[in-house]
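One structure is given here, and the rest of the page talks about it.
The values are calculated or read from the model by the stated rules, or taken from the named source; none is laboratory data. Note that the structure is predicted; figures quoted are calculated from it, not measured. Quick reminder, even Gly has a Cβ in these numbers, built from the backbone with ideal geometry, and neighbours come from all protein chains shown. For accessibility, only protein heavy atoms count, side chains too; no ligands or nucleic acids. Shrake-Rupley method; radii C 1.70, N 1.55, O 1.52, S 1.80 Å.
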Amino acid sequence: MIWSLLVSLALLCFGTVARAAVVTINWNVTWVWASPDGFGRPVIGINNQWPCPKLEANVGDTLIVNLHNGLGNQTTGIHWHGINQLQTPEMDGPSGVVQCPTPPGSSIQYKFLLDEPGTFWYHSHEKGQYPDGLRGPLIVQDPNDPYKGRYDEEIVLTVSDWYHSQSIPLVQNMLSPANTRFAPPFPDTILLNDKKDVKFNFVKGKTYRVRLINMSAFASAFLWIDSHPLTMIMSDSTYLQTETAYQLHASSAQRYDFLISAIDRDSGNYPILVALDINRDFRNQTLAPAFPHNQTAWLMMDENAPLTRPTNTIDVWRPADDTHFKPLNNLAMIPAYDHLVKLDFRFCLDANGYPRACLNGKPFISQKVPSLYTAATVGENNTNPVVYGQINPIVVKKGDIVQLVINNQEAAGHPFHLHGHSFQILDRARPYAGDWPGRDVNYNPVPNRRDTVTVWSWSHAVLRFRADNPGVWLFHCHIEWHVEMGLTASFIEGPEQLRGKQFPADHLENCRVGGVPTRGNAAGNELDPLDTTGMLTISPTGYTG
């Protein structure tokens with residue numbers, strides 16, 4: 001977040017030589033019939049088209065998206081993944097948190113500053129909806145790109161798992177007492193750029209910037225390009241000091257930017273091999289890791305040459321460790337913290353035997369009033385976590401340095417994403433390292449910074465960020481199915497600055513149409529915000545293991 005503020009200050013200077021633009025987009029969210037892998041099914045598209053469009057603008061621009069819900073049978077809402085939403089937390093998008101769901105036939109306007117350059121994406125943040133197709137790239141160009149001049153063209157490469165069933169029945173089957181193994185839905189296939197046949201021109205003498213985005217609901221993804229090293233220049237929205245990698249592992253929601261060059265000795269066509277990682281721990285050979293979903297894209301130098309090479313196989317995946325990447329600006333570790341937050345994750349069962357995901361013993365349960373609206377309307381009580389209900393609220397003061405520890409007490413790795421911020425990754429312990437020991441050790445003095453980190457099985461990670469962006473920001477596993485199981489916490493950041501906050505009329509109108517209260521505590525109790533009557537709660541009765 002420190003870097004984003006530096007960028008914001010730079011934008012003030014930049015504005016003296018170039019005028020920032022207002023980019024306005026009009027979208028109608030609609031059902032579309034598509035068969036990207038040969039299996040036809042209804043998907044959620046935009047303006048009657050799918051795949052959804054790439055958005056592109058410059059850092060410093062204001063993006064306005066006028067979104068109409070033309071689905072007819074589902075509510076919706078859009079999250080702008082990785083965008084900090086400085087001074088606009090109401091535009092972040094998660095339904096029930098910063099806005100009401102947008103009802104069928106209704107509209108909503110999103111308006112926010114693109115304060116950082118980088119590779120981002122957008123997706124629905126409503127009831128497990130984005131695996132049905134409502135997601136796409138969001139590219140924020142940087143006129144002052146430090147690597148400008150080192151590449152000639154850009155390639156956007158998205159990877160996603162894909163399901164033949166729609167999301168709602170998948171979630172219903174998962175949230176069933178019969179699901180005693182807490183199993184998420186497993187994908188049917190893999191898509192690259194939301195299709196199967198993907199080719200890119202690869203011209204000798206040119207260097208390409210590849211923007212890789214994992215838009216999966218569940219699976220991580222490996223990437224390898226035959227005979228070509230990857231020069232890393234960005235992870236999520238953090239510029240990196242250049243480092244060479246040969247294989248990458250991108251968890252759901254993570255992004256990587258790297259350079260590849262077509263040099264004099266190159267000839268023929270080169271495969272880009274991508275494999276979905278649906279294993280608990282791909283490193284543990286005793287678990288017999290399997291990679292049933294693979295797809296090859298091609299860097300094309302010769303249309304007449306065959307699409308095959310003798311080296312188009314990988315025996316063992318050994319991806320680069322992203323925590324070893326260093327930020328280009330050499331920003332040192334924030335030296336001390338004011339607020340320690342420790343989150344222990346385990347799967348759990350509720351009183352009716354339904355599978356849930358618990359943080360510190362409780363699953364996240366969406367409440368009647370959006371949490372940001374509660375923060376704005378309960379006065380001085382907004383510093384009391386009681387008023388927010390069972391959203392795993394964590395109240396932090398503006399300006400606090402937060403140390404966030406995640407203990408993954410389960411047998412698989414999980415990607416955790418923080419809204420409204422990027423964090424420094426002080427430590428990401430090896431698999432099976434156990435819980436954080438409770439004391440700081442020899443952390444990376446110049447840590448990588450990103451908004452999504454994978455915490456390995458039976459292990460932990462230590463993150464640090466400055467709470468300088470008042471709002472209500474989710475921290476959750478970015479396996480979409482685990483969000484539906486409750487694997488989410490909520491940072492109530494700078495609540496004093498949120499008192500009396502006003503909301504756009506169209507946002508409030510969507511609440512009225514949907515019958516959603518907009519004032520008071522989580523249950524809508526305004527006269528006595530500490531009255532918990534009517535709050536939605538679920539108490540776990542058992543755990544895995």
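Per residue, the accessible area of the stretch 312-416 comes to 39 Å², computed with a 1.4 Å probe over protein heavy atoms only.
Here the calculated FRET efficiency for V386 and F186, from their Cβ-Cβ distance with R0 = 35 Å, stands at 0.35, rounded to the nearest 0.05.
Bridgeable lysines around K148 (alpha carbons under 18 Å apart, same-chain partners fewer than 8 residues away excluded): K206. Inter-label distance, D531 to N173: 4.4 nm, where each label sits 7 Å from its Cα along the C-beta direction.
Once the 1.4 Å probe is applied to the protein heavy atoms, the stretch 133-204 comes out at 44 Å² accessible per residue. Restricting attention to the stretch 292-428, close to 45% of DSSP beta bridges with both partner residues there are antiparallel.
For the chain, the carbon plus sulfur part of the accessible surface works out to 51%, probe radius 1.4 Å. So how tilted is helix 2-14 from the main axis of the chain? Cα-based, degrees 0 to 90, rounded to 10. Taking the Cα atoms of the chain, the angle to 2-14 is about 80 degrees. Seen from L67, the other residues with C-beta closer than 15 Å to its C-beta sum to a net charge of -3, counting Lys and Arg as +1 and Asp and Glu as -1. Loop-located trypsin sites (Lys or Arg not before Pro) across the stretch 264-358 with a Cβ neighbour count of 11 or fewer within 10 Å are R265, with loop assigned by DSSP.
Taking the 0 to 90 degree range and rounding to the nearest ten, how far is the long axis of helix 505-514 tilted relative to the main principal axis of the chain, both from C-alpha atoms? Value to nearest ten degrees: 70. Do any of K195/K368; K196/K326; K54/K368; K127/K501; K54/K501; K127/K397 go past 28 Å between their Cα atoms, and which? Among K195/K368; K196/K326; K54/K368; K127/K501; K54/K501; K127/K397, the Cα-Cα distance tops 28 Å for K195/K368; K196/K326; K54/K368; K54/K501; K127/K397. For Cα extents along the principal axes in Å, the listed values are (1) 74, 59, 53; (2) 91, 59, 49; (3) 85, 64, 53; which was obtained by calculation from the structure presented? The listed entry that was calculated here is (1). Applying 1/(1 + (r/R0)^6) with R0 = 22 Å to the Cβ-Cβ distance of T286 and V316 gives a FRET efficiency near 0.95.
Beta bridges assigned by DSSP with both partners in the chain are antiparallel in approximately 75 percent of cases.
Couplings 3J(HN,Hα) of the stretch 77-89, computed from phi: x, 10, 9, 9, 5, x, 6, 6, 6, 4, 6, 9, x Hz, in residue order, whole Hz [Karplus 6.51 cos²θ - 1.76 cosθ + 1.60, θ = phi - 60°; x for Gly and Pro]. Of the beta bridges in the stretch 99-227, as assigned by DSSP with both residues counted there, near 60 percent are antiparallel. Here's how it looks for R450: its modeled amide H is under 5 Å from those of F423, I425, which are all 5 or more places away or on a different chain.
Within a straight-line Cα-Cα reach of under 13 Å, K199 can be paired with the following aspartates and glutamates, leaving aside sequence neighbours fewer than 8 residues apart in one chain: D302, E303. For the stretch 107-117, 3J(HN,Hα) computed residue by residue from phi via the Karplus equation (6.51, -1.76, 1.60; θ = phi - 60°) reads 9, 8, 10, 9, 9, 7, 7, 8, 8, 10, x Hz, glycine and proline entered as x. Kindly provide the chymotrypsin sites (Phe, Trp or Tyr not before Pro) of the stretch 242-271 that DSSP labels as loop, not H, G, I, E or B, and whose Cβ sees at most 16 other Cβ atoms within 10 Å. For chymotrypsin sites (Phe, Trp or Tyr not before Pro) across the stretch 242-271 that sit outside H, G, I, E and B with at most 16 neighbouring Cβ atoms in 10 Å, the list reads Y246.
The residues neighbouring C52, those whose beta-carbon lies less than 9 Å from its own, together hold a net charge of +1 under the Lys/Arg +1, Asp/Glu -1 convention. Close amide-amide hydrogen proximity is noted between S220 and S252, D277, each under 5 Å apart and 5 or more residues distant or on a separate chain (H modeled in the peptide plane; Pro and chain starts excluded).
Placing unit charges on each Cβ (+1 for Lys and Arg, -1 for Asp and Glu) gives the stretch 71-191 a dipole about its Cα centre, and among I155, H123, A183 the Cα reaching farthest toward its positive end belongs to A183.
Computed extension gain for W33 through K398, at 0.36 nm per residue and net of the alpha carbon distance, reaches 126.7 nm.
Remark on K342: its backbone amide H falls under 5 Å from those of V405, a criterion applied only to residues 5 or more positions apart or on other chains, H modelled at 1.01 Å from N. Adding -39500 (n - 2.57) for every DSSP H run of four residues or longer, then dividing by how many residues the chain holds, sets the calculated 222 nm ellipticity at -2500 deg cm²/dmol.
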